[in-house]
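The values are calculated or read from the model by the stated rules, or taken from the named source; none is laboratory data. Not measured: the values here are computed from a predicted model. All Cβ positions, even for glycine, are placed from backbone atoms using ideal geometry, and neighbour counts span all protein chains on display.
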């Protein structure tokens with residue numbers, strides 16, 4: 001077995017390289033673990049979505065309104081996801097959510113979205129022939145560009161580890177899965 005960083009280590013190099021110039025709105029910030037900073041604009045959007053449902057200005061919204069408030073911010077949470085969020089936040093079963101709790105939830109959601117976009121950006125860098133999958137050839141090219149001296153066996157092992165459907169290539173779903181599993185992001 002090769003070292004378990006495999007594809008994610010290689011990807012780290014790729015995204016690290018693009019982060020500087022391509023950072024744009026993100027200011028090319030380096031990802032330092034799970035710390036995710038909301039922009040003032042994002043914070044404002046979250047506050048507006050919250051206030052929309054806090055019509056009496058109590059600083060609390062109903063747990064029943066959580067889904068709609070989240071959707072107002074452009075997310076499509078699944079029923080189970082909402083249940084999990086409510087269980088995490090509303091420990092005393094009051095049926096109410098404070099702004100701080102809502103802000104914390106949405107920060108996590110936005111960080112997830114941010115990292116998913118980063119991962120997909122990396123995927124597109126690998127998939128330079130735009131086939132929608134990362135082939136052995138794609139991986140070999142990226143490894144070479146990054147100066148990684150990997151044998152064909154090691155490269156094949158990376159593909160095999162990520163390849164769930166056994167077609168010999170890595171599609172977006174599989175790529176997201178392996179990147180999340182190693183939680184490099």
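I'd like to know if the stretch 43-58 contains one or more residues that are under 30 Å from residue 155 (Cβ atoms), buried (at least 17 other Cβ atoms within 10 Å of the Cβ) and either modelled with pLDDT of 90 or more or not assigned by the TED database to the domain that holds residue 142 (or both). Spell out the reasoning first.
Filtering the stretch 43-58 for residues under 30 Å from residue 155 (Cβ atoms) gives none.
Within the stretch 43-58 (the criterion being under 30 Å from residue 155 (Cβ atoms), buried (at least 17 other Cβ atoms within 10 Å of the Cβ) and either modelled with pLDDT of 90 or more or not assigned by the TED database to the domain that holds residue 142 (or both)), the answer is no, since none of the residues qualifies.
What do you reckon, is residue 61 part of a helix (DSSP H, G or I) and at negative phi? It is false that residue 61 is part of a helix (DSSP H, G or I) and at negative phi. Residues satisfying the criterion are present in the stretch 91-99 (criterion: touching a helix residue (DSSP H, G or I) at 6+ places or on another chain (Cβ under 9 Å), at pLDDT 95 or above and part of a helix (DSSP H, G or I)).
Residue 150 fulfils the conditions (1) farther than 30 Å from residue 36 by Cα; (2) outside the structural domain of residue 175 (by the TED database) except for a single criterion, (2). Each residue in the stretch 57-73 was checked for being free of Cβ contacts under 8 Å to residues at least 24 places away in the same chain and under 16 Å from residue 95 (Cα atoms), and 4 pass. Do we have residue 139 as without any contact (Cβ under 8 Å) to a residue 60 or more places away in the chain, surrounded by 16 or more Cβ atoms within 10 Å (Cβ to Cβ), assigned to a helix (DSSP H, G or I) and not assigned by the TED database to the domain that holds residue 82 here? Considered against the rule, which asks whether it is without any contact (Cβ under 8 Å) to a residue 60 or more places away in the chain, surrounded by 16 or more Cβ atoms within 10 Å (Cβ to Cβ), assigned to a helix (DSSP H, G or I) and not assigned by the TED database to the domain that holds residue 82, residue 139 comes out as no.
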